[in-house]
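Report on the structure given below.
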Amino acid sequence: MPRFIKKRSKKVGLPPGTLVHIGEKKTEKVRITIIDYDEANFEEKEIKTVEECFPFKDKTTVTWINIDGIHDIKIIEKIGKHFDLHPLILEDIVNTGQRPKIEDFEDYIFIVLKMLYYNEKEDEIQA
């Protein structure tokens, strides 16, 4: 009878909230984009360091921080610490296999979605 060997996760034995990137590393360099808006204004800009996100914490606008390259755990830890994100949310962020979901907290909304893109060769939208 054949035995199936299941590959163990890098997270086995680690406490909940431990940050370990799970998934494909899609980019070498981390790219951080800020989208900040309210009823009257809209600003979108790419920033060089994670610390440039910090002033947006105290603004009354809606701020979206988009990070391409979540494999850099140090950047995720810095954002989590500054914005008071729960350790399990940070764990979900670095797990690219996470299922889509929405969690509403007192100070922020956490949304996990699969990024859609247009495949020109096959003329279709893919996840």
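When the accessible area of segment 74-127 is computed with all protein chains present and a 1.4 Å probe, what percentage of it is carbon and sulfur? Working shown, then result.
Working: 2290 of 4210 Å².
The value for segment 74-127 is 54 percent carbon and sulfur by accessible area.
Rounded to 0.05, the FRET efficiency of the VAL30 and VAL62 pair, given R0 = 22 Å and the Cβ-Cβ distance, is 0.45. Heavy-atom accessible surface of segment 74-117, averaged per residue, reaches 72 Å², computed with a 1.4 Å probe.
The values are calculated or read from the model by the stated rules, or taken from the named source; none is laboratory data. Keep in mind that this is a model prediction, so the values were computed, not measured. As a convention, Cβ positions derive from the backbone with ideal geometry for all residues, glycine included, and neighbour counts pool all protein chains shown. Each accessible area value is taken on the protein alone, full model and side chains, heavy atoms only, with ligands, DNA and RNA left out. Shrake-Rupley method; radii C 1.70, N 1.55, O 1.52, S 1.80 Å.
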